[in-house]
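Colleague: My questions all concern the structure below.
Read the figures in this text as sums done on the coordinates, not as results from a lab. Predicted model only: the values in this text are computed from it and were never measured. With ideal geometry, Cβ positions are generated from the backbone for all residues, glycine too; neighbour counts draw on all protein chains shown.
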Amino acid sequence: MASNHHYRRPHQPLTSPSTTYLYIFLSIITLTALFLYSSHHFTSSTTPITIKPINQHISGQINDNEASAAVCDYSEGKWFYDPTVRSGRYDETCKEIYKGWNCIAGNRSGAKEILKWRWQPNHCALPQFDPIRFLQSHRDISIGFVGDSLNRNMFVSLFCSLRRVTDEVKKWRPAGADRGFTFLKYNLTIAYHRTNLLARYGRWSGNANGGELESLGYKEGYRVDVDIPDGTWAEAPSFHDILIYNTGHWWWAPSKFDPVNSPMLFYENGQPLIPPLSPEVGLDVVLKHMISYVEEKARPGTVLFFRTQSPRHFEGGDWDQGGSCARLQPLSPHEVEEFFSVQNNGTNVETRLVNEHLYEAIKGSAFRLLDITRMSEFRADAHPSLAGGKKHDDCMHWCLPGITDTWNDLFIQHLSSIKIR
Ligand SMILES: *[C@@H]1O[C@H](CO)[C@@H](O)[C@H](O)[C@H]1NC(C)=O
Ligand SMILES: *[C@@H]1O[C@H](CO)[C@@H](O)[C@H](O)[C@H]1NC(C)=O
Ligand SMILES: *[C@@H]1O[C@H](CO)[C@@H](O)[C@H](O)[C@H]1NC(C)=O
């Protein structure tokens, strides 16, 4: 692929666009002259059609370089192959990488190729974040990742990127957190709070003396308290300066919350919600409660992000039906639609459905969206698959190093335009 040239252009802002512009301008003049000269049937309408897209392209490039970060849509763009990339920003020796995600050590084919693709937004650049500069500019700050294992994947990526440049690290586990670390020289803390649904949930069994749910025929299930945050993160908004939330995968996990044998049973104010809610409606109610909870609990100035849904890429069946993800290259835009369009109702359809709920829930709230979905939809090649000797292909989590490194670039790019405390 001749994309090296393409990818580098945004990094040479001061010289190349004007040179390119001059070159294209002269080419157009020459071509137009030739065309005028040779054609007896020239009509003026052909000229604007030829020139317009080229002009737009060039002005887009110039705008990027004038740093219009605040208005840039980083979610629309393309992955470019850059064969000059030799390695990731950290390697397979980073100890926080869970074995099943360590694609290089686990011999996943193409594990190093994954790192050679770079995300290029359509109208601006998304640079790789500089870990030293990040540490220096975030002294005495605490960052909490709150969510399921996909947020842990992103947390590990950030940890490994920072650990690579500073080795004075102390484990620190704030209230409820699954794991956390302080980079001592900078007093920057990052922590991961594990929670699948954000709301608290637990096993539920029908009472022999009966009850509202029992009378509807429910015997077993999971009680989900829509208005009570999971204990693992309930305190987190009161001490982190920056929080990144996610939820989604467990809401569409029929193996755990089987709609017949172990359904989610929603409670509010300690009472079952009757009639029982479907998981989709339950998600809306939980998001509403959890978002207001965080807004009330967080100190003024806390920066709140909600990360959009991470796409899965099972092909030929779901995870428990022999589905796999053996691709060695990103999907084409056409394939992305085949995988993810809601109309297609394919194996991985929940990605965009979850986002529809999220967009609705955070409207008018204090949360900013961290939109990683679109860029990740292309990356069917970047999952661990069978790395590390698994029974089923893992087409849900991401190889590390890998694309959650780019999610962190996006996160840090957003942070750089926000004043923290
Ligand atoms: C990966 O390959 C290397 C060299 O072939 C081998 O030593 C190692 O055991 C393999 N690791 C896994 C997890 O299969
Ligand atoms: C370290 O950072 C935390 C915030 O994460 C802050 O509360 C604490 O005072 C800082 N410690 C020092 C010694 O500055
Ligand atoms: C989508 O597909 C699933 C099975 O793959 C099916 O159960 C469901 O009814 C379908 N939904 C729609 C809206 O077609």
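Colleague: What are the ³J(HN,Hα) couplings of region 315-327, residue after residue, when phi is run through the Karplus curve with 6.51, -1.76, 1.60 and θ = phi - 60°? Round to Hz, x for glycine and proline.
Modeller: So the Karplus estimates, Gly and Pro as x, are 10, x, x, 7, 4, 9, 10, x, x, 9, 8, 9, 5 Hz.
Colleague: Follow-up. Taking a threshold of 30 Å on the Cα-Cα distance, which of the pairs LYS170/LYS256; LYS78/LYS171; LYS171/LYS363; LYS297/LYS419; LYS256/LYS288 fall above it?
Modeller: Working: LYS170/LYS256 36 Å; LYS78/LYS171 38 Å; LYS171/LYS363 36 Å; LYS297/LYS419 20 Å; LYS256/LYS288 23 Å.
Long pairs (Cα-Cα over 30 Å): LYS170/LYS256; LYS78/LYS171; LYS171/LYS363.
Colleague: Tabulate in residue order the Karplus-calculated ³J(HN,Hα) for region 73-78, using 6.51 cos²θ - 1.76 cosθ + 1.60 with θ = phi - 60°, rounded to whole Hz; enter x for Gly and Pro.
Modeller: 9, 6, 7, 9, x, 9
Colleague: Using amide H atoms built in the peptide plane, which far-off residues or other-chain residues are under 5 Å from HIS193 H to H?
Modeller: Close amide H contacts, sequence-distant or interchain: PHE145, VAL146, GLY147, ASP178.
Colleague: At a Cα cut-off below 14 Å, give the aspartates and glutamates reachable from LYS390, other chains included and same-chain residues fewer than 8 away excluded.
Modeller: By straight Cα distance, LYS390 reaches ASP320.
Colleague: What is region 78-416 by shape, rounded, prolate or oblate, if you read a ≥ b ≥ c off the alpha carbon gyration tensor as root eigenvalues and call it rounded for a/c under 1.5, prolate for a/b larger than b/c, and oblate otherwise?
Modeller: It is oblate, given that a/c is not under 1.5 and a/b is not larger than b/c.
Colleague: List the trypsin sites (Lys or Arg not before Pro) within region 84-121 that fall in a DSSP loop (any state other than H, G, I, E or B) and whose Cβ has at most 13 other Cβ atoms within 10 Å.
Modeller: Within region 84-121, the qualifying trypsin sites (Lys or Arg not before Pro) (loop, at most 13 other Cβ atoms within 10 Å) are ARG86, LYS95.
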